[in-house]
Amino acid sequence: MTQRTGYPDGAPCWADLNTPDLDGARRFYTGLFGWTFDEPVAAFGHYTTARLGGRSVVGMAPKMPDQQDMPSAWSVYLKTSDADATVRRIEDAGGKLLVPPMEIPVQGRMAFAFDSTGAAFGLWQPASHTGAQAFDETGAMCWHEVNTRGGTKADAFYRSLFPYEQQQVGDGEKFDYVVYHLEGQAIGGRMQMTAEWGDLPAHWMTYFRVEDTDASTARVRELGGNLLHGPFDSPHGRIAVVSDPYGAVFSIISPAPTPAS
């Protein structure tokens, strides 16, 4: 069991959930992933941190009164060493700022924006809070990707923010998927949405690692959530797209077996 202490600029470093029922959401995710939770902090909108083996995993908070009409959703945060400079690049690249950089006392600074294709994402400039301490292990987030109908536009947008190396791993037509690398490591992806996605807007997707996708999918249903797509096999593991009882969508993946040497 290892504890991660930092992320390179541009890497997804944190995710949090806004939910209409904090107690119900905590029961659901505890039942699914085995998380424990810190006591909600009233001064921060009853924000609470989920933990795995004592290490931080994600955050969670109830919707504010002015957010009741907004869908419950998971939000991803990209690490930055300078939120102000990154925000300037967002606006220069055709994005739209939603929440300007704001101080979270002691912990760091955050901002929130839309990319140039309409997908919402956050920025996190760490102070004491350096991001998720548990990552890429069972019960923790392990991958993030932006799903958009403007793939080429999105690639250019994010490349203007951070020094991503972007590699097409599909055929660029029927399957258009670009992997974003930092410092030689794959840290996320970009999926081109097709007509099969219907009218779903551009969005970031968070993946959580599980031991057995089929068993976890059954558990999602037992706990009141829903299966939206799959399970299906991919080169990297077996995936299902699911939602919690309040409509927040996320993906679960059990890694593909390691080939025998």
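Spacing of the modelled spin labels on Asp84 and Gln166, each 7 Å from Cα toward Cβ, amounts to 2.9 nm.
Give me the tail of P(r) for region 204-255 as a percent: Cα-Cα pairs with distance above 13 Å.
50
Looking at region 1-74 from every direction and averaging, what is the projected area of its Cα convex hull in nm²? Please list the in-between numbers first.
Values: hull surface 24.3 nm².
So the Cα hull casts an average projection of 6.1 nm².
Per residue, the convex hull spanned by the Cα atoms of region 1-155 amounts to 124 cubic angstrom. Helical runs (DSSP H, four residues minimum) scored at -39500 (n - 2.57) apiece and divided by the length of the chain put the mean residue ellipticity at 222 nm at -5000 deg cm²/dmol.
Return the loop-located GluC sites (Glu not before Pro) in region 137-201 (DSSP other than H, G, I, E, B) with at most 11 other Cβ atoms within 10 Å of their own Cβ; answer none if there are none.
The qualifying sites are Glu173, Glu183.
As a ratio to 2.2 N^0.38 Å, the alpha-carbon radius of gyration computed for region 160-261 takes the value 1.20.
Using the beta-carbon distance between Phe44 and Met70 and R0 = 22 Å, what value does 1/(1 + (r/R0)^6) give for FRET efficiency, to the nearest 0.05?
For Phe44 and Met70, the calculated efficiency is 0.75.
Spacing of the modelled spin labels on Glu91 and Glu103, each 7 Å from Cα toward Cβ, amounts to 2.1 nm. The phi torsions of region 50-64, fed into the Karplus equation with coefficients 6.51, -1.76 and 1.60 and a -60° offset, translate into couplings of 8, 10, 10, x, x, 9, 5, 10, 8, x, 7, 8, x, 4, 6 Hz, rounded to whole numbers, with Gly and Pro shown as x.
For region 124-150 and region 238-256, write down the distance between their C-alpha centroids in whole Å. First find each Cα centre; the distance between them is then 15 Å. Normalised by 2.2 N^0.38 Å, with N the number of residues, the alpha-carbon radius of gyration of region 81-224 equals 1.14.
In angstrom, the C-alpha Rg and Dmax of the chain are 17.6, 56.
Computed from the coordinates by the stated procedures, all read-outs in this text should not be read as laboratory data. Nothing here was measured: the structure is a model prediction, and the numbers come from that model. Please note: Cβ atoms are built from the backbone with ideal geometry, for glycine as well, and neighbour counts cover all protein chains shown.
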